[in-house]
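Comments concern the structure below.
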Amino acid sequence: MNKRNTQQRRHSIIAILNQQGEVSVDELSNRFETSEVTIRKDLAELEKTGLLLRRYGGAVAIPDEVTQQFSAKIAPNKLSIAQAAAKLIKDHNRIIIDSGSTTSGIVQQLNDKRGLVVMTNALQLANSIHELENEPTLLMTGGTWDPHSESFQGQVAEQVLRSYNFDQLFIGADGIDLGRGTTTFNELTGLSKVMAEVSREVIVMVDSDKIGKRIPNLELAWQQISVLVTDDRVEPSVIKQITEQGVEVILAPYSN
């Protein structure tokens, strides 16, 4: 089917959704006389633009207030960084996604991955992962709820993490100290350190305006970090300082 027909079908899907409030893959496949695989691709693309929310077997409309909340939590630039970071994930990888507004954008990019095992310490992320159509194996750290980071922390969470080995950790930061590593306002850094210890590769995801911020609490030293994913507003001299620490820098296109 050509591109024009694809766009027409997607416009029709939104029109149906606005009328009914929800749609199923089976219903749309029959209506448009196309495969369920094609319909799932349509729904995935429409979800990326914020026009619907996928549910198992179909999709539901997103109320305006929910869309506004989602946009506030995942700004376009953070989503761009998340998309670049997600390209590092391979099928059947075992990954950790830490709590945070930038790391949460990763979840939207996981539906084309197969056989994933995903651990998180954030309830909101766990709910989003649970709703993915590719149904990755979901693990939760448990532990003590920390309202500051809206995540589980503490010794129980650390013990659970030490029971596993992971391919990748995706984690954010409040600031990047060019001389030391990632820094945070949160004094609870124990879980982040354990996440890094049990992961073969540590990917830090931050907006470029956080680079150079020297916040008192050191979270992860450069020696623990494999990749820094940020936007392309970073000065070449700063990139050089970071790569000299043995860290790969990936630049996502800045989006506002």
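The values are calculated or read from the model by the stated rules, or taken from the named source; none is laboratory data. Note that the structure is a prediction, hence the values are computed from the model and not measured. Here Cβ is always computed from backbone atoms with ideal geometry, including for glycine, and neighbour counts include all displayed protein chains. Note: areas computed on protein heavy atoms with side chains; ligands, DNA, RNA excluded. Shrake-Rupley method; radii C 1.70, N 1.55, O 1.52, S 1.80 Å.
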So how tilted is helix 64-73 from the main axis of the chain? Cα-based, degrees 0 to 90, rounded to 10.
30 degrees
What is the extension gain from Ser255 to Glu36, computed as 0.36 nm multiplied by their sequence separation minus the C-alpha to C-alpha distance, in nm to one decimal?
75.6 nm
Antiparallel bridges, percent of DSSP beta bridges restricted to segment 76-252 (to nearest 5)
30 percent
Extension gain Asp112-Glu187, at 0.36 nm per residue separation less the Cα-Cα distance, in nm?
23.4 nm
I want the local charge near Thr230. Using Cβ-Cβ distances under 12 Å, sum +1 for each Lys or Arg and -1 for each Asp or Glu among the other residues.
-3
Among DSSP beta bridges whose residues both lie in segment 179-256, state the antiparallel percentage, nearest 5.
35 percent
Which one, Asn186, Val238, Ala75, is farthest towards the positive end of the dipole of the chain when Lys and Arg carry +1 and Asp and Glu -1 on their Cβ?
Val238
Please identify, among Asn165, Asn30, Asn127, the residue showing maximal mean-square fluctuation in a Gaussian network model of the chain using a 10 angstrom Cα cutoff.
Asn30
Taking a 23 Å limit on the Cα-Cα distance, which of the listed pairs Lys213/Lys240; Lys193/Lys240; Lys90/Lys210; Lys87/Lys213 fall beyond it?
Lys193/Lys240; Lys90/Lys210; Lys87/Lys213
Using +1 on the beta carbon of Lys and Arg, -1 on that of Asp and Glu, and nothing else charged, what's the dipole of segment 76-252 about the Cα centre, debye to 20?
260 debye
Can you tell me the orientation of helix 76-86 relative to the chain, as the angle in degrees between its alpha-carbon axis and the longest Cα principal axis, to the nearest 10?
80 degrees
Kindly express, to the nearest 10 degrees and within the range 0 to 90, the angle between helix 36-48's C-alpha long axis and the longest C-alpha principal axis of the chain.
50 degrees
With a 1.4 Å probe and all protein chains left in place, how much of the accessible area of the chain comes from carbon and sulfur atoms, in whole percent?
48 percent
Say each of Gln7 and Trp145 gets a label point 7 Å from the Cα, pointing the same way as Cα to Cβ; how far apart are those two points in nm?
4.7 nm
Running a GNM on the chain with Cα contacts under 10 Å, which residue among Gln124, Gln83, Gln108 ends up with the highest mean-square fluctuation?
Gln124
Counting heavy atoms of the protein chains only and a 1.4 Å probe, report the per residue accessible area for the chain as a whole number of Å².
51 Å²
Please give the calculated 222 nm ellipticity per residue for the chain, where each DSSP H segment of at least 4 residues contributes -39500 (n - 2.57) and the sum is spread over every residue; nearest 500 deg cm²/dmol?
-10500 deg cm²/dmol
How many percent of all Cα-Cα pairs in the chain sit more than 25 Å apart?
47 percent
